[in-house]
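Report on the structure given below.
Laboratory data are not the source of any read-out in this text; all were calculated from the coordinates shown. Just so it is clear, the structure is predicted and the values come from calculations on it, not from any experiment. Reconstructed Cβ throughout: ideal geometry from the backbone, glycine too, with neighbour counts over all protein chains shown.
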Amino acid sequence: MTTTRPPARSRNSPPPEPEPQAPRAAVVAVRRLFAAEAPEFFLLLGTTIFLVVFGLVMVLSSSSIESYVDSKDFFTTATRQGLYALIGVPVMLIAARAPLSFWKRWARVAVFLGIGLQLLVVFTPLGWGNGYNQNWIRIGSFTAQPSELIKLAFVVWLAWMLTTRPQLLDDWKRILFAIGPVVGLSIGLVLFGADLGTAVILISIALGALFFAGVKLRWIAGAVAVISVIALLFVQLSDSRSGRVAAWLGGCVNPALAQNECYQVTHGWQSLAHGGVFGVGLGNSTGKWSWVPEADNDFIFAIIGEELGLLGAILVLGLFIVLAICFVRIIRMSRDPFAKLATAAAMVWIIGQAFVNIAVVLGLLPVLGVPLPLVSAGGSALITTLAAIGVVLSFARHRPEPVPLPGVARR
């Protein structure tokens, strides 16, 4: 049997060109980026991306009129929100690749960075407000909201503190002295800028972390009672806040309040009622014509209900319920106590804030000024929320054997 040898290459002939490897390497890199065994990873990622895209569409619709009035361009706010999404989604994907040890190592840095930036808001000329509260840093045309970073920092820092020091769970005094100064300072600085809504969410994250860590319920109930008294005193210090709470308690049925404390709520109700079951159609809202204040932000759910109807509102509720299910399943499947507790704190933040926002629009809570996560306009909120979901995705990449969260049995 004979074999045919390939012809020898001449010394003067050029070397053969290597086969292009870049496209193949890029495909491999993308596959590694999304490599995961747990279906919860893909469900959480897909639901998040859908909400972000849906939010961009609704921000475009709800902000177009105000954008044109301000800049003669219908797309100003929507374009800016799109740029924030182009930053936030890669941040989420990068965070999803980080190892568990990374979040433990940088937890303290994150919380003190957030507090440091919030100090700049309160005590330096960089602090900027919108007439209602002062909670932003402004440098030229750039603005950022450090309190959103504090939410993310609370997620990882509280999880790190309560899982690396389990002895704290046996004594409420130890808990108070260990986490009280940082939590109290953070919330105090936010309240100093008159941002009650963000303070409520920060308190919820802290209490949620304590609950899922296994702190005794009577201690949490005592903390809630003390916080309620402090909140009542804080509300009484402002005529605007006390007026909104009084109007809410009265059901906004007093016609004298229709153009003042109840203006935003009643016009939000009118938009929801106008939408009916099927809505008036995307882009056809009348509430966004300066009738509903903060139509692209705090009250974007009213515009969703008007343009997409009851069905659209139920869709949004359903998507956040899917997110909650993802969080719960990741908590149940995670092996590391830190991952469990950080996921629980992120769930309290994102899902809790979503339902607070919706409850405000429906009139079930007084106006607090919190955006709808992943949907409302706002760069700091979108990027930090996506980063928090990226942290949870990093825990959900694989499916380990589940173990109970230490401390739950203490109750």
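Name the lysines eligible as straight-distance cross-link partners of LYS173: C-alpha to C-alpha under 20 Å, and not fewer than 8 places from it in the same chain.
Qualifying lysines at Cα under 20 Å: LYS216.
What's the FRET efficiency of ASP239 with VAL69 using the Cβ-Cβ distance as r and R₀ = 35 Å, to the nearest 0.05? Walk me through the numbers on the way to the answer.
Details: r = 29 Å, r/R0 = 0.84.
Once rounded, the FRET efficiency stands at 0.75.
Take THR198, THR164, THR76 and order them by how many other Cβ atoms sit within 10 Å, fewest up front. Walk me through the numbers on the way to the answer.
Values: THR198 26, THR164 12, THR76 16.
In order of increasing Cβ crowding within 10 Å: THR164, THR76, THR198.
Scan around ASN135 for amide H atoms under 5 Å from its own, H built in the peptide plane at 1.01 Å from N, and keep only partners 5 or more places away or cross-chain.
Residues meeting the amide H criterion: TRP128, ASN130.
About its Cα centre, how strong a charge dipole does segment 37-410 have in debye, to the nearest 20, once Lys and Arg get +1 and Asp and Glu get -1 at the Cβ? Don't skip to the end; give the middle numbers.
Values: 23 positive and 18 negative charges, 285 e Å.
The dipole magnitude comes to about 1360 debye.
At a 10 Å Cβ-Cβ cut-off, how would you order CYS252, CYS262, fewest neighbours first?
Values: CYS252 19, CYS262 25.
Starting with the residue having the fewest Cβ neighbours, the order is CYS252, CYS262.
How do LYS104, LYS340 rank when sorted from fewest to most other Cβ atoms within 10 Å of their own Cβ? Present the calculation step by step, with values, prior to reporting the outcome.
Numbers: LYS104 18, LYS340 26.
Starting with the residue having the fewest Cβ neighbours, the order is LYS104, LYS340.
Rounded, prolate or oblate for segment 37-410? Axes are the square roots of the Cα gyration tensor eigenvalues, ordered a ≥ b ≥ c, and the cut-off for rounded is a/c under 1.5. Before the final figure, lay out each step's value.
Working: a/c = 1.62, a/b = 1.33, b/c = 1.21.
In terms of gyration-tensor shape, prolate.
Is the C-alpha gyration tensor of segment 36-146 telling us rounded, prolate or oblate? Criteria: a/c under 1.5 is rounded; beyond that, a/b larger than b/c is prolate, otherwise oblate.
Oblate is the answer for segment 36-146, as a/c is 1.5 or above yet b/c matches or exceeds a/b.
If packing is taken as the mean number of other Cβ atoms within 10 Å per residue, what is the order of 201-208, 215-222, 50-57, highest first?
Values: 201-208: 22.0, 215-222: 13.9, 50-57: 18.4.
Answer by packing, highest mean first, reads 201-208, 50-57, 215-222.
Go through 360-370, 283-293 and give me the packing order, highest mean Cβ count within 10 Å leading.
Details: 360-370: 20.1, 283-293: 18.1.
Packing order, densest peptide first, comes out as 360-370, 283-293.
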